[in-house]
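Some notes on the structure that comes next.
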Amino acid sequence: MAGNGRADAKTRLYDAFAASGKALASGKRLELLDLLAQGERTVDALAKAAGLNLTTASAHLQTLKQAGFVATRREGVRIHYRLAGDDVARLFALLRKVAERHQAAVPAARDAYLGDDGTAEVGREELRARAAAGDVVVLDVRPAEEYRAGHIPGAVSIPVGELADRIDELPEQTEIVVYCRGEYCVLAYDAVRLLTDRGRRAIRLDDGMLEWRLAELTVDPGDPE
């Protein structure tokens, strides 16, 4: 291959790489990937969860689809979206961690969003050991449809918006370990604050369902009990 031809081919290759980066260059598109990491969803459900109108949500999803990050299936008139593969979830998780390490604005934005519940965290391996021993209640505070798509074995489902009214369903003397979508999910923080204010012993899993899946740990499907 001549020098100019090789240079042109190299440019096309790197431009192809860059197309993936451009597809990720939107906070709302990253939020949609975060939601899809929890399980398959319709456009309507994604738009509602991300606070978008249908037209905007559809446009973002088409950008992600063109980049190969999401796949679709049709069921009647509804289009269901899902991540194209676990590698997309890994890329999304890595992007967040790299940004936190190297962008000065991220830690401050994270703290402003998540707040501080003043409690300890527990890692996945410790949670698995304690759950097997039966000395904690594992509480999933994500929406019920996300729980049905896959949850930590033995976890109880009480969406955070229902927790105040359903707190009596949880034993009073057992420590509660709360988790939600992932490390940057505010639902678990809100739940721990609520439980602590009500006099319960509650701590957070230090990440969430995204990281649990990526660690290839057992995931149970099924309806909330």
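The values are calculated or read from the model by the stated rules, or taken from the named source; none is laboratory data. Everything quoted here is computed from the prediction, not taken from an experiment. Virtual Cβ from ideal backbone geometry, glycine too; neighbours counted across all protein chains shown. These accessible areas exclude ligands, DNA and RNA; they are computed on the full protein's heavy atoms, side chains included. Shrake-Rupley method; radii C 1.70, N 1.55, O 1.52, S 1.80 Å.
Mind sorting out which of [x] 50; [y] 33; [z] 53 is the real percent of Cα pairs over 24 Å apart computed from the coordinates?
Here the calculated entry is [x].
Measuring with a 1.4 Å probe in the full set of protein chains, what accessible area per residue, in whole Å², belongs to the chain?
54
Farthest toward the dipole's positive end in the stretch 117-203, which of A149, A202, V186, given Cβ charges of +1 (Lys, Arg) and -1 (Asp, Glu) about the Cα centre?
A149
For the chain, what % of the accessible area comes from carbon and sulfur atoms, probe 1.4 Å?
On the chain, the fraction of accessible area on carbon and sulfur atoms equals 50 percent.
For A120 and A132 in one chain, what is 0.36 nm times their gap in residues minus the Cα-Cα distance, to one decimal in nm?
Difference between extended and current length: 2.3 nm.
Quick one: if you stick a label point 7 Å off each Cα along the C-beta vector at H102 and D165, how many nm between them?
About 4.7 nm separates the two model spin labels.
How much length, in nm to one decimal, is gained on full extension between E172 and D111, taken as 0.36 nm per residue of separation minus their Cα-Cα distance?
In short, 19.0 nm is gained.
Hey, got the dipole for the stretch 82-225? About the Cα centre, +1 on K and R Cβ, -1 on D and E Cβ, debye to the nearest 20?
Values: 19 positive and 29 negative charges, 88 e Å.
Computed about the Cα centre, the dipole is about 420 debye.
By how many nm would the segment from A18 to L54 grow when fully extended, if each residue of separation counts as 0.36 nm and the alpha-carbon distance is taken off?
The span from A18 to L54 would gain 10.2 nm if fully extended.
Hey, with R₀ at 22 Å, roughly what FRET efficiency would Q62 and A7 work out to, going by the Cβ-Cβ distance, to 0.05? Walk me through the numbers on the way to the answer.
Details: r = 32 Å, r/R0 = 1.46.
According to the calculation, E is roughly 0.10.
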